[in-house]
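The values are calculated or read from the model by the stated rules, or taken from the named source; none is laboratory data. Note that this is a predicted model, so its numbers are computed, not measured. Here the Cβ is made from the backbone with ideal geometry for all residues, glycine too, and neighbour counts use every protein chain on show. Heavy atoms of the whole protein, side chains included, go into the accessibility calculation; ligands, DNA and RNA do not. Shrake-Rupley method; radii C 1.70, N 1.55, O 1.52, S 1.80 Å.
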Amino acid sequence: MLKNIKVEAYRGFRELDVEGLNRINLFVGQNNCGKTSILEAAQILASEGNVGALLRSLRRRGELLSANEMERNVEEYDVSHLFHGHNLKLGSGFKLEGLNGKTVSVSCEIIPAPQEKEPGQLPIFDVEEGSQLALSLKVGGSPSVTVPLSPFGGIPVDALRRRPLGMGSVSYLGGDTTEVPPIRVVPTEGLENRSMSFLWDGIALTPDEPKVIEALQIIEPSIEKIAFLGREAVRSSAGIVVKFKNSDMRLPIGSLGDGVKRLLSLSLSVIRATGGYLMVDEIDTGLHHSVMEDMWRMVITTAKRLNVQVFATSHSQDCINGLGRLHQVDPKLAAEVSLHRLERGLPHSVRYGPDEISTAALQEIEVR
Amino acid sequence: MKPLKVSDKSAHRLLVEGKDDLNTIIHLVRRHELDYDNPPDGLPYIHATGGYVPLLDALSVAAKSYKRLGIVIDADLDPKARWNEVRHRLDTVGIKLPEVANAGGEVVTGLVDNWRVGVWLMPDNSQAGTLETFLSRLVPHGDQCWLHAEASAKEAKRLGAKYPDKYFSKAHIHTWLSWQEVPGQPFGTAITSACFRTDTPDAIAFVGWFKRLFLG
């Protein structure tokens with residue numbers, strides 16, 4: 001479990017300290033205050049410097065350089081957005097640090113593109129002609145790794161699939177990365193069917209299968225079974241079907257509304273994050289305020305049982321109040337939660353402990 | 001009455017102990033051109049916490065959450081002790097109150113540089129007392145019925161009236177209110193119908209603090 005996170009010059013943050021991380025961490029704050037960035041920072045730290053995690057965050061945000069505009073074959077990850085002020089110039093850099101039993105740190109600096117292949121300074125793939133800059137990534141005490149940038153300042157999206165020059169494994173740059181815990185990410189728009197189907201494959205017919213049904217029953221108490229129909233499930237929601245008690249019909253999950261699908265995404269992801277991390281953007285998306293308390297109960301209970309640390313964001317006071325109500329009926333479970341508000345102009349997050357979340361709900365205090 | 005036209009989502013909030021405080025303040029500031037029915041920017045949402053203890057418990061959470069936070073509490077018997085309790089609670093979130101309360105009401109910097117936290121101890125930030133003590137100072141000077149109401153409340157107690165001694169000023173003020181043109185109005189309405197004056201030094205000091213905190 002990460003105990004704290006410190007970021008410097010990363011995305012919108014000049015500097016930010018997040019202290020007092022708990023098993024479940026809910027990040028709140030105004031639009032564009034950096035909630036998602038913190039989730040990504042947590043993900044990069046949790047993965048101990050996985051370049052893939054860094055690049056996927058760019059893809060999720062659509063921060064890509066268009067192939068058309070560059071007149072190239074493939075689009076590129078626009079890494080400038082990772083740096084404070086979107087500033088891609090020599091010497092720009094950011095740093096992420098966390099305490100995870102040990103100190104984990106990831107730092108990234110813009111350096112001149114390597115001209116010759118010096119031993120120990122090998123770029124992880126070929127340097128293109130005309131390239132000026134490269135990223136130097138350093139994870140903990142390991143030697144730094146050079147990631148060349150294209151002449152446009154990006155990383156071609158297929159670069160990591162190419163045969164790497166300097167590293168045996170491209171994605172992981174940490175020193176000892178054989179034991180990286182699972183990290184699941186649920187974006188605001190939910191999981192694609194392909195991802196849900198993949199997660200389900202590890203759960204079907206295990207003792208966790210009934211837990212997935214229970215999660216769906218938060219909204220539809222008479223759901224009895226769920227099935228993923230082979231290739232169909234990968235292609236469309238018509239391939240994920242449920243059966244209701246006292247009914248012979250099977251219904252596509254898409255016909256049950258966004259809430260059920262959200263709960264499915266959440267329960268599959270938290271179960272398959274066993275021993276690792278779950279990152280959820282806008283955890284309350286698609287959920288009615290009346291089910292918030294039960295959603296939290298499901299997420300917290302499962303995370304506790306399977307030793308998962310959860311990082312989530314929300315805009316919704318209903319979502320926070322759901323936690324407050326949970327505290328009133330089940331303080332032991334709610335004690336696993338901390339809320340962190342990101343406030344522009346403050347170099348640290350504002351932390352609310354479990355009792356304070358409960359007080360806020362009781363006294364109608366807006367903490368978001 | 002609720003300050004309906006100021007949203008409970010406002011970043012400005014005033015925490016008070018009870019409904020009497022809430023209504024008194026709404027009507028008092030209205031007499032000073034801050035109308036909750038037609039609210040100017042900055043006017044806080046007022047929330048009654050249900051007493052001093054819940055208010056104190058909500059203090060650190062509220063101080064972390066609002067750009068402008070005010071609290072109005074009764075000094076009761078020991079103003080110094082009340083002040084120190086509030087001071088201690090705010091200190092836990094890094095907000096520093098001075099050792100001694102400002103007579104005109106305290107306003108200090110909050111969690112962020114441009115945030116503010118204000119504290120008002122009823123009646124006047126120094127003496128023992130309650131909301132009723134504050135209101136008793138808004139009774140028109142030389143009101144004969146005010147003295148008579150005091151004597152009556154005492155006499156009633158001698159005759160077996162059940163109010164506890166600590167509520168004498170409540171009994172006194174409600175007795176007096178029952179003799180007004182519209183008998184038995186609650187505090188707020190009585191302010192609006194001018195049973196109470198709103199231009200006394202105490203009233204002006206309170207409104208001054210309120211404006212400094214929320215509208216300044």
Selection from region B:42-85 of residues assigned to a helix (DSSP H, G or I), surrounded by fewer than 17 Cβ atoms within 10 Å (Cβ to Cβ) and within 10 Å of chain A (Cβ to nearest Cβ) yields B:PRO54
**Qualifying residue in region B:86-96 (condition: closer than 17 Å to B:GLY129 by Cβ, open to solvent by less than 20 Å² (accessible area, probe 1.4 Å) and within 14 Å of another protein chain (Cβ to nearest Cβ))** = no
Output yes when any residue across region A:289-296 is within 20 Å of A:GLU40 (Cα to Cα), open to solvent by 10 Å² or more (accessible area, probe 1.4 Å) and either of a type outside the set (Lys, Arg) or in a strand (DSSP E or B) (or both), and no when none is. no
Checked A:GLN309, A:GLN328 against criteria (at pLDDT 95 or above and not aromatic (Phe, Trp, Tyr)); the one match is A:GLN309
Screening A:ILE240, A:ILE203, A:ILE213, A:ILE226 for residues that are free of Cβ contacts under 8 Å to residues at least 60 places away in the same chain, open to solvent by less than 10 Å² (accessible area, probe 1.4 Å) and more than 21 Å from A:PHE311 (Cβ to Cβ) leaves only A:ILE240
B:ASN38 meets each of (1) over 28 Å from B:TYR167 (Cβ atoms); (2) within 14 Å of another protein chain (Cβ to nearest Cβ) with one exception, condition (2)
Checked against (1) in a loop (DSSP other than H, G, I, E, B); (2) modelled with pLDDT of 80 or more; (3) open to solvent by 50 Å² or more (accessible area, probe 1.4 Å), A:LYS117 satisfies every condition except (2)
Of the residues in region A:338-350, those that are more than 8 Å from chain B (Cβ to nearest Cβ) and in contact with a Leu (Cβ under 9 Å, 6 or more places away or on another chain) come to A:SER338, A:LEU339, A:HIS340, A:LEU342, A:PRO347, A:HIS348, A:SER349
By my count, helices (runs of 4 or more DSSP H) wholly in region A:1-79 with at least 3 residues that are open to solvent by 40 Å² or more (accessible area, probe 1.4 Å) are A:51-60
So the helices (runs of 4 or more DSSP H) completely within region B:97-216 holding 2 or more residues that are open to solvent by 40 Å² or more (accessible area, probe 1.4 Å) are B:144-158, B:168-177, B:187-192, B:201-214
Output yes when any residue across region A:301-318 is within 14 Å of another protein chain (Cβ to nearest Cβ), without any contact (Cβ under 8 Å) to a residue 40 or more places away in the chain and surrounded by fewer than 21 Cβ atoms within 10 Å (Cβ to Cβ), and no when none is. yes
If we take region A:180-247, then helices (runs of 4 or more DSSP H) inside it with 3 or more residues that are under 23 Å from A:MET295 (Cβ atoms) are A:193-201, A:209-217
How many residues of region B:127-157 are in contact with a Pro (Cβ under 6 Å, 6 or more places away or on another chain) and of a type in the set (Ser, Thr, Tyr)? The answer is 1
Just to be sure before I move on: is B:SER136 on the phi < 0 side of the Ramachandran plot, among the hydroxyl-bearing types (Ser, Thr, Tyr) and touching a helix residue (DSSP H, G or I) at 6+ places or on another chain (Cβ under 7 Å) in the structure I sent? yes
The correct count of residues that are closer than 25 Å to B:ARG137 by Cα and of a type in the set (Lys, Arg) in region B:147-161 is 2
